[in-house]
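Okay, so here's the structure we're looking at.
The values are calculated or read from the model by the stated rules, or taken from the named source; none is laboratory data. Being a predicted model, the structure only gives us computed values, none of them experimental. Counting neighbours? That spans all protein chains shown, and the Cβs are built from the backbone with ideal geometry, glycine included. Heavy atoms of the whole protein, side chains included, go into the accessibility calculation; ligands, DNA and RNA do not. Shrake-Rupley method; radii C 1.70, N 1.55, O 1.52, S 1.80 Å.
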Amino acid sequence: MKRVKKENVPQIRLRLRGDHVVGLSVDLPADLITEILLKLPSKSLAKFIVLSKHWSSEIRSKRFLDLYMKQSLTRPCILFTFHHDSIRFFHLASQSCQDDASFYTCKSSFPLSLDRRVYQRTYDITPPVRGLICVQDLDKVLVSNPVTGQFLVLPKVRARRRGISRYFGYDPVKDEYKVLCMTVLKLPGTVVSGDHQVFTLGREAQKKPNWRKIKCNLPHCPATNGLCSDGVVYYGAWSNSDREVSLIVGFNVGSEEFTLVKLPDGVEIDRSDSGLVNYKRKVALVSHSHLGTFDMWILEDVVKPEWLKISVVVPSWQNLVRRREKFSCRGVISTGEFIFQPFNLDGPLCVIIYDREEDSARRVETEGLGVNLRAMSLFLYHAESYISLKEDYSFD
């Protein structure tokens, strides 16, 4: 057997000290280095940024970030978040695996310790947008990367009216994240939205960004969570003139314009039990899903608009849901399976998975994350990101 000469084989050598990389020797073509970096998890890339100016410049470049995000979007994760022992935890699990053992095996789990003054009511979390989330605590709003644990507390929203609804989106044209906040005023017999303000986070954004007031020519009152799709944030609402009129509002993140998407006749939004969910990357409306029997309306065409109705009846629902538990539908993944999340649990973290084609449902539990979990949220189609908020989006 011939021996292979190693003197011409490119090598990359790392020295580790604990969890930190302290030495690096590289003799590889640039394209191959990029290919290797693309295979690394987000948390590792975040550590590589502090190695040297060269590595930081390469990893933080828009070219590499776009490549990494394109890859992450094809390998979506499920993002769990819950409150335990005064800390909010984030937990990632693969969304593409077929068997239960790997489907909900912990991919990574990490705490996000926020300032207690900000943390008191950080249960209102937006669905993730390109790796980032937005959290509201009364009149405070922050943006966070749950993978790195970094967060930015935005300037206080200045509003004369009580109540704030906020939504989070991304403009792919200008590569900017934006937070939309609407103040809400309760009047006898009705609720109306008032000031509309936008905060922009982007590499090319102003150095000292602040909230900007924008005009809304579509009077409405926000009623559900938001969902960002193709540069537009959709959310359920009521008409200011008639609360009994339900509608879907689309906020174009780039143009900052509001549009109306008409709902099918007879479809109404219940503030306490309606929400927008992700159906195979399409926007869908569900109500009363905690009963295990409900209708899902899928937005097939925004312009027409065209809606597709799916009637869902989960078999053996009463046997899957235990006493004092409440589950709700969080969306449908690419395999066609419906995912239901609990709100609070006395036992370990679990979900209910319903396969509509096979008409079968099962309860899947994940060990190792503790019990008595509170204020739970589950988000589908989360794309991991190593974005450094402190380096790329910080402000004074």
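At-a-glance table
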{"read-out": "Scan of the stretch 258-303 for residues that are among the hydrophobic types (A, V, I, L, M, F, W, C), in contact with a strand residue (DSSP E or B) (Cβ under 7 Å, 6 or more places away or on another chain), touching a residue at least 24 places away in the same chain (Cβ under 8 Å) and over 18 Å from S239 (Cβ atoms), ordered by number", "value": "V277, V283, A284, V286, F294, M296, W297, L299, V302"}
{"read-out": "Residues (assigned to a loop (DSSP other than H, G, I, E, B) and either more than 24 Å from P127 (Cα to Cα) or at pLDDT 65 or above (or both)) located in the stretch 158-196", "value": "R158, A159, R160, R161, G163, P172, V173, K174, D175, P188, G189"}
{"read-out": "Considering residues of the stretch 268-293 that are of a type in the set (A, V, I, L, M, F, W, C) and either touching a Lys or Arg at 6+ places or on another chain (Cβ under 9 Å) or not in a loop (DSSP other than H, G, I, E, B) (or both) only, the residue surrounded by the fewest Cβ atoms within 10 Å (Cβ to Cβ)", "value": "L291"}
{"read-out": "Test for V302: is it open to solvent by 60 Å² or more (accessible area, probe 1.4 Å), of a type in the set (A, V, I, L, M) and either modelled with pLDDT of 95 or more or at positive phi (or both)", "value": "no"}
{"read-out": "Residue in the stretch 325-346 that is in a strand (DSSP E or B) and more than 20 Å from the chain's Cα centre (by Cα) present", "value": "yes"}
{"read-out": "Residue within the stretch 66-85 that is more than 22 Å from the chain's Cα centre (by Cα) and at pLDDT below 80 present", "value": "yes"}
{"read-out": "Checking R362 against (1) modelled with pLDDT of 85 or more; (2) assigned to a helix (DSSP H, G or I); (3) of a type in the set (K, R), the condition it does not meet", "value": "(2)"}
{"read-out": "Complete set of residues in the stretch 343-359 that are at pLDDT 80 or above and open to solvent by 50 Å² or more (accessible area, probe 1.4 Å)", "value": "R356, E357, E358, D359"}
{"read-out": "Matching residues in the stretch 380-396 - criterion: being in contact with a strand residue (DSSP E or B) (Cβ under 7 Å, 6 or more places away or on another chain), of a type outside the set (S, T, Y) and either surrounded by fewer than 21 Cβ atoms within 10 Å (Cβ to Cβ) or modelled with pLDDT under 75 (or both)", "value": "L389, K390"}
{"read-out": "Qualifying position, being open to solvent by 20 Å² or more (accessible area, probe 1.4 Å) and at pLDDT 90 or above, among R212, R203", "value": "R212"}
{"read-out": "Single match in L373, L320, L369 (criterion: open to solvent by less than 80 Å² (accessible area, probe 1.4 Å) and either closer than 30 Å to R203 by Cβ or modelled with pLDDT of 90 or more (or both))", "value": "L320"}
{"read-out": "Tally, over the stretch 130-141, of residues that are surrounded by fewer than 24 Cβ atoms within 10 Å (Cβ to Cβ) and aliphatic (A, V, I, L, M)", "value": "2"}
{"read-out": "For S144: the one exception among (1) within 23 Å of E391 (Cβ to Cβ); (2) modelled with pLDDT under 90; (3) in contact with an Asp or Glu (Cβ under 8 Å, 6 or more places away or on another chain); (4) crowded, with 17+ Cβ neighbours inside 10 Å", "value": "(3)"}
{"read-out": "Yes/no for L247 being at pLDDT 90 or above, of a type in the set (A, V, I, L, M, F, W, C) and open to solvent by less than 20 Å² (accessible area, probe 1.4 Å)", "value": "yes"}
{"read-out": "Contacts under 9 angstrom Cβ, first residue in the stretch 54-69 being farther than 12 Å from I387 by Cβ and open to solvent by less than 50 Å² (accessible area, probe 1.4 Å), partner modelled with pLDDT of 90 or more and part of a helix (DSSP H, G or I), 6 or more apart", "value": "E58/F64"}
